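Note sheet for the following structure.
The values are calculated or read from the model by the stated rules, or taken from the named source; none is laboratory data. All values derive from a computational prediction rather than experimental measurement. With ideal geometry, Cβ positions are generated from the backbone for all residues, glycine too; neighbour counts draw on all protein chains shown. Remember, those area values only see protein heavy atoms, side chains included, never the ligands or the DNA or RNA. Shrake-Rupley method; radii C 1.70, N 1.55, O 1.52, S 1.80 Å.
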Amino acid sequence: MAILDEISAYLQQGRMPKVKELVQQALDAGENPRDILEKGLLSGMNVVGEKFKKNEVFVPEVLVAARAMNGGLAVLKPHLMEGMSANRGVAVLGTVKGDLHDIGKNLVKIMLEGKGLTVIDLGVDVPAERFIQTAVEQNADLICCSALLTTTMNEMQNVVEAAAREGIRDKVRIMVGGAPVTQAFCESIGADCYTPDAASCADAAAAYCAG
């Protein structure tokens, strides 16, 4: 168990070479790949997510921890059973049409992957139809929409309406976030969930997929 705690600790420090080395050591010692993923990599990323939520760490620390996690995952992936790392749920993520801001979206991606979800990142300026088409193609559990401008946040309503038109509204949870977005706005457009930050979004997404 000690080596998994070490993996978690070094990941929190963002020390990618050490994380990769320890993941390999754990595999060589016969540790279960799933335990290495859950109790080492994901557990470390959860700590970073909680600290980020409390403003105890900031964006640069999150990014280096995420890089360390990706380094560890690269070593681990060939040893994971086929599809196992994707079994926690699929999220389609993007910044809505007309909005080119991606820092918040990129943080959400890191946090979602830190919870073990598979993230299909559509980038910025994403039209409603593309969110829905991708969700159908990927059999997604979640659609996560980000906006930083008051002028583009109404595009989120188009995503909700497009999901209803496509007949997938009861199958996919629609999550919204970004600086101008509020709980009241979320309710007014009929979305499922608003969260104020990336870490809270990941917590809610993981809960949806587990439930």
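Among the lysines of the range 52-198, pairs at least eight places apart or on separate chains and with Cα atoms under 29 Å apart come to 21. Dimensions of the range 1-65 along the principal axes, based on C-alpha atoms and rounded to the nearest Å, stand at 37, 19, 15, largest first. The listed peptides 190-200, 30-40, ordered by packing as a protection proxy, come out as 190-200, 30-40 (highest mean of other Cβ atoms within 10 Å first).
Treat every Asp and Glu Cβ in the range 1-160 as -1 and every Lys and Arg Cβ as +1, leave all other atoms uncharged, and give the resulting dipole magnitude about the Cα centre to the nearest 20 debye.
Numbers: 16 positive and 20 negative charges, 46 e Å.
So the magnitude is around 220 debye.
Considering only Thr95, Leu148, Gly123, the residue lying farthest towards the positive end of the dipole of the range 90-150 is Leu148, judged by Cα position with unit charges set on Cβ. Pairing the Cα long axis of helix 59-76 with the longest principal axis of the chain, what angle in degrees results, from 0 to 90 and rounded to the nearest 10? Helix 59-76 sits at roughly 60 degrees to that axis.
The simple Förster model, with R0 at 35 Å and r as the Cβ-Cβ distance, assigns Ala179 and Glu38 a FRET efficiency of 0.60.
Name the residue farthest towards the positive end of the dipole of the chain from the options Asn158, Ser200, Asn70, assuming +1 on Cβ of Lys and Arg, -1 on Cβ of Asp and Glu, about the Cα centre. My answer, from the dipole projection, is Asn70. Shown is the FRET efficiency for Arg67 and Asp28, computed with R0 = 41 Å from the Cβ-Cβ distance and rounded to the nearest 0.05: 0.95. For the chain, the 222 nm mean residue ellipticity estimated from helices alone, with every DSSP H stretch of n ≥ 4 adding -39500 (n - 2.57) and the total spread over all residues, rounds to -16000 deg cm²/dmol.
Close amide H contacts of Lys97 (hydrogens built in the peptide plane, cut-off under 5 Å, sequence separation of 5 or more or a different chain): Val126, Ala128. Computed from phi, the 3J(HN,Hα) profile of the range 147-153 under the Karplus parametrisation 6.51, -1.76, 1.60 (θ = phi - 60°) reads 8, 10, 10, 5, 6, 9, 5 Hz, with x in place of Gly and Pro.
Couplings 3J(HN,Hα) for the range 94-102, derived from phi with the Karplus relation 6.51 cos²θ - 1.76 cosθ + 1.60 (θ = phi - 60°), are x, 8, 5, 3, x, 10, 10, 7, 9 Hz, where x marks Gly and Pro. Compute the helix-to-body angle for 155-166: its Cα long axis versus the longest principal axis of the chain, expressed 0 to 90° and rounded to tens. So the inclination is approximately 90 degrees. Under a model in which nothing but the beta-carbon of Lys, Arg (+1) and Asp, Glu (-1) is charged, the range 39-82 shows a dipole of about 40 debye around its Cα centre. Our coupling estimate for the range 198-207, obtained by passing each phi through the Karplus curve with A = 6.51, B = -1.76, C = 1.60 and θ = phi - 60°, is 5, 5, 5, 4, 5, 4, 5, 4, 5, 5 Hz, Gly and Pro reported as x.
Between the range 122-156 and the range 180-208, the C-alpha centres lie 14 angstrom from each other. Think of a 1.4 Å ball rolled over the protein heavy atoms: the range 1-115 then has 48 Å² of accessible area per residue.
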